[in-house]
Amino acid sequence: MAGHDRPEPLDQPYDTALEDLQGKLAQVMVGHIVHGRRSVIVFEGWDAAGKGGAIKRLTAEWDPRAFSVWPIAAPTAEEQAHNFLWRFWQRLPASGEIAVFDRSWYGRVLVERVEGFATKAEWRRAYAEINQFEEQLAADGTTIVKLFLHVSAEVQDERLKARLEHPWKRWKVSAEDFRNREQRAAYLAAMEEMFAQTDTALAPWTIINGDKKKPARIAALQAIHDQLAAATPSEPPKPSKEVMKLARAAFG
């Protein structure tokens, strides 16, 4: 798969780089709150690619009142009765909020395509539907960040084995992981077409090699910060005249 070079080695200790980025991301979160911005962050990638670990570090210093993390599983019967995008409209952020999707509407052109849960006609027209959906979000002022975490087959196998050997991590491995593993070539083909069809100026893809967890996390958080910061005002809000009047009365 093109465009998944290994992240550059860290030029400073991991903990230092992580703390610095989390501080910057916390400032971006405040910018969303005080300026009424809203953003959507999409995490896609292979099983055991490190999406959960990246999301954990991403949100560590964020105000819990201003963000949501949506783990996307198979649609419910009610959701299946609607267009596949319907359930995602229900989870979009309000003003001053950030929504993080652990898997997303791209399931229609990945797992649903490969596993046969969507017909060829359905997943083929989904490219246009997804692009229109994201265009509508962008036109309404929503910043869209899309990350894909890639891992080699060898590293993925190592991580699945490690999870199975850990008594408290075995629950993360399902039969679906092995079905997906057996269809890696089909998934690679679906991914390549997905990138070709949905990498747009308004919502570009960032592909990150996740073979090394720590550099991948830093690369993911850096990409998110850069895109959010570029779309979020950095100046502080003007003080409230009413609050300042009350403060003068209270504190002199």
Item to check | Farthest positive-ward along the stretch 14-251 dipole, Cα basis, beta-carbon charges - from Trp70, Phe133, Trp105 | outcome: Trp70
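Fewest Cβ neighbours within 10 Å first, please rank His150, His166 accordingly.
Details: His150 23, His166 12.
Ordered from fewest to most neighbouring Cβ atoms within 10 Å, His150, His166 come out as His166, His150.
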Checklist entry - Using the count of nearby Cβ atoms within 10 Å as a rough guide to exposure, how do Leu92, Leu228 rank from fewest to most? => result Leu92, Leu228
Item to check | Filter on Lys120/Lys146; Lys56/Lys212; Lys24/Lys238; Lys161/Lys212 - keep pairs with C-alpha separation over 19 Å | outcome: Lys120/Lys146; Lys24/Lys238
Next on the checklist: Suppose only helical runs count, i.e. DSSP H with n ≥ 4. What mean residue ellipticity at 222 nm does that imply for the chain under -39500 (n - 2.57) per run, divided by all residues and rounded to the nearest 500 deg cm²/dmol?
Outcome noted: -15500 deg cm²/dmol
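Label the stretch 154-216 by shape, choosing from rounded, prolate and oblate, from the square roots a ≥ b ≥ c of the eigenvalues of the Cα gyration tensor; if a/c is under 1.5 it is rounded, and otherwise prolate applies when a/b is larger than b/c, oblate when it is not. Please list the in-between numbers first.
On the way: a/c = 2.71, a/b = 1.73, b/c = 1.57.
Prolate shape, in that a/c is at least 1.5 and a/b is the bigger ratio.
What ranking of Lys212, Lys51 emerges when the number of other C-beta atoms within 10 Å of each C-beta is taken as an exposure proxy, fewest first?
The fewest-first ordering by Cβ neighbours comes to Lys212, Lys51.
I'd like the per residue volume of the convex hull spanned by the Cα atoms of the chain, given in cubic angstrom.
Working: hull volume 43.4 nm³, N = 252.
Roughly 172 Å³ of hull volume per residue.
Only the coordinates and a few stated rules stand behind these numbers; no lab work does. Remember, it's a predicted structure, so these values are computed and weren't measured experimentally. Neighbour counts are summed over all protein chains in view; Cβ atoms, including those assigned to glycine, are modelled from backbone coordinates with ideal geometry.
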